[in-house]
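The values are calculated or read from the model by the stated rules, or taken from the named source; none is laboratory data. Please read all numbers here as calculations on a predicted model, not as lab measurements. With ideal geometry, Cβ positions are generated from the backbone for all residues, glycine too; neighbour counts draw on all protein chains shown.
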Amino acid sequence: MGAARGVLQRRVRACISRPGVVSGRVIYPSLWLSSSLSSSSSSIPTRSSPRTTVSPLREGRRLPTPVMAGAGAGYSTDAGASEGQEQETQVQISQGEDAEQVQGGLKPLLEKGWVLDGEGMGIQKTFYFRSYFKAVSFVNVVASQSAIKKHHPTMTVRIGSVDVHWTTHNPRGLSSKDIAMAQHCEEGAELMGAVAEAQGKKCALPSVTLLGTPSREREA
């Protein structure tokens with residue numbers, strides 16, 4: 001009995017230590033072990049659990065939007081129309097003023113070329129003159145009346161034009177003082193001989209002789 005057991009143990013060790021032949025195929029112990037494990041695992045029934053899909057929107061992520069060539073090249077006619085339409089500036093009358101009186105005095109001034117500023121808080125106009133002297137004289141006429149009324153404008157003087165801007169700072173807006181002083185500007189401009197824009201004096205570039213010009217052409 002002991003001899004038979006020893007022979008069996010030697011045969012088992014031999015099968016483990018070196019390949020054996022089973023049904024004409026060479027089987028290595030490691031391959032036999034792996035094939036046995038795979039066959040045993042395949043025989044065990046598995047239960048598949050349903051996969052839960054989480055929407056990227058629920059996680060707070062945004063799906064990438066594919067960009068195609070030429071996409072977004074369309075133009076909205078509604079947007080173009082709204083951008084093309086200029087909104088008319090509304091006059092902002094100073095608090096405490098008689099709105100009807102201010103509006104009544106503003107209308108004839110607008111007909112004479114005065115315009116509302118960008119905020120609608122005041123009015124402005126450019127007066128043109130044939131000389132710088134007349135332009136400065138017009139400024140002096142307006143300045144003297146401003147000192148009397150204690151209401152000053154913003155004026156920009158050029159060689160043949162003067163920009164005038166009237167507004168009330170406290171409280172902000174267009175007031176009856178602005179209307180009265182704008183009317184005084186019209187009277188002063190007429191007194192100083194204001195002209196149309198095309199007739200106003202403009203800066204002229206001095207005639208400079210170019211270097212290299214033949215002497216005959218310069219003499220001519």
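At-a-glance table
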item	result
Criterion (modelled with pLDDT of 95 or more and more than 20 Å from residue 94 (Cα to Cα)) met by exactly one of 179, 148	148
Set 137, 176, 161, 144: member being exposed (fewer than 14 other Cβ atoms within 10 Å of the Cβ) and among the hydroxyl-bearing types (Ser, Thr, Tyr)	144
Positions within segment 183-220 being modelled with pLDDT under 70 and small (Gly, Ala, Ser), in sequence order	207, 212, 215, 220
Test: residue 156 is surrounded by fewer than 20 Cβ atoms within 10 Å (Cβ to Cβ), within 16 Å of residue 124 (Cβ to Cβ) and either modelled with pLDDT of 95 or more or out of contact with any Cys (no Cβ under 9 Å at 6 or more places or on another chain) (or both)	yes
For residue 162: the one exception among (1) farther than 16 Å from residue 121 by Cα; (2) touching a helix residue (DSSP H, G or I) at 6+ places or on another chain (Cβ under 7 Å); (3) assigned to a helix (DSSP H, G or I)	(3)
Test: residue in segment 116-135 that is in contact with a His (Cβ under 7 Å, 6 or more places away or on another chain) and more than 23 Å from residue 197 (Cβ to Cβ)	no
